[in-house]
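Note sheet for the following structure.
The values are calculated or read from the model by the stated rules, or taken from the named source; none is laboratory data. Everything numeric here is computed off the predicted structure, so don't read it as measured data. Positions of Cβ are backbone-derived with ideal geometry, glycine not excepted, and every protein chain shown enters the neighbour counts.
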Amino acid sequence: MFTFVTRAIFHLAHPTLKFVSVIPVVAVSATLPNLGHLASFIESGEAYMFDQSYRPVPLNVYVQGCGHIGNNRYLFDKSLKQHVPSILKRFSSNRPSIVFCHSKKETEELADELTREYGNRLNSNESELMNYCTKTDNAALHRCIRKGIAFHHAGLDASDRKLVEDAFGSGSISCLVATSTLARVLTYPVIWLVSKCSGFAVFVFYDTTR
């Protein structure tokens, strides 16, 4: 951003210099709260902000608190996973869901927990699930997929990540637990996204029902 602002101001100060290219459009992250101030500073004249009201599919956001952190943040963070099965049962209506976690280890631990407490909510064909199971040598992933649950993180082999993406995209997986590596390919018809925000002791739900 600093480089862009410097270049834009230099261009405004030296409009006749031919080696200075014109910057017609600049797209900025939603994390920039003062877009109007930036536009005014670089004398752009116009600034457009697009919030969720522009979404073709409405997005409903829900937040649930899970108590206070207390004296031991590590134990509190580990205790948060126990809330996920009940949250999915309460809100997902047995629709495909993705739960985002912070670490690779956390995704596998939560996925294992969900195989016992949540399981195959989509009533997927067992032979179809077994077909996906036979395509991986990862024992933990094999065990989860059999129950209609899967996990996705950078520690998996590329072939296993592709397998999980295909299985979830086909509608065979009830719940996928993932790190941010999945965000790059998040084009699935997912209904519920659950973000496990341990630092703030909350779960954030995004209902993308069409």
- prompt: Just checking, how many residues over region 154-184 are out of contact with any Pro (no Cβ under 9 Å at 6 or more places or on another chain) and farther than 13 Å from LEU110 by Cα?
  reply: 21
task: Can you confirm whether region 157-170 contains a residue that is under 19 Å from VAL84 (Cα atoms) and modelled with pLDDT under 90?
output: yes
- request: Please find, among SER92, SER127, SER86, SER53, the residue that is small (Gly, Ala, Ser), at pLDDT 75 or above, surrounded by fewer than 13 Cβ atoms within 10 Å (Cβ to Cβ) and farther than 17 Å from ALA167 by Cα.
  value: SER86
message: Just to be sure I understand, how many residues within region 133-186 are outside any helix (DSSP H, G or I) and among the hydrophobic types (A, V, I, L, M, F, W, C)?
response: 11
- request: Consider only pairs whose beta carbons are under 7 Å apart and that are at least six residues apart or on different chains; among these, list those whose first residue lies in region 137-164 and is over 12 Å from THR181 (Cα atoms) and whose second residue is surrounded by 24 or more Cβ atoms within 10 Å (Cβ to Cβ) and of a type in the set (S, T, N, Q).
  value: GLY148/SER174; ILE149/SER174
query: Among the listed residues GLY148, GLY119, GLY70, which satisfies the condition of being small (Gly, Ala, Ser) and more than 18 Å from PHE168 (Cβ to Cβ)?
result: GLY70
Counted residues, region 70-127 - those being of a type in the set (Phe, Trp, Tyr) and assigned to a loop (DSSP other than H, G, I, E, B): 1
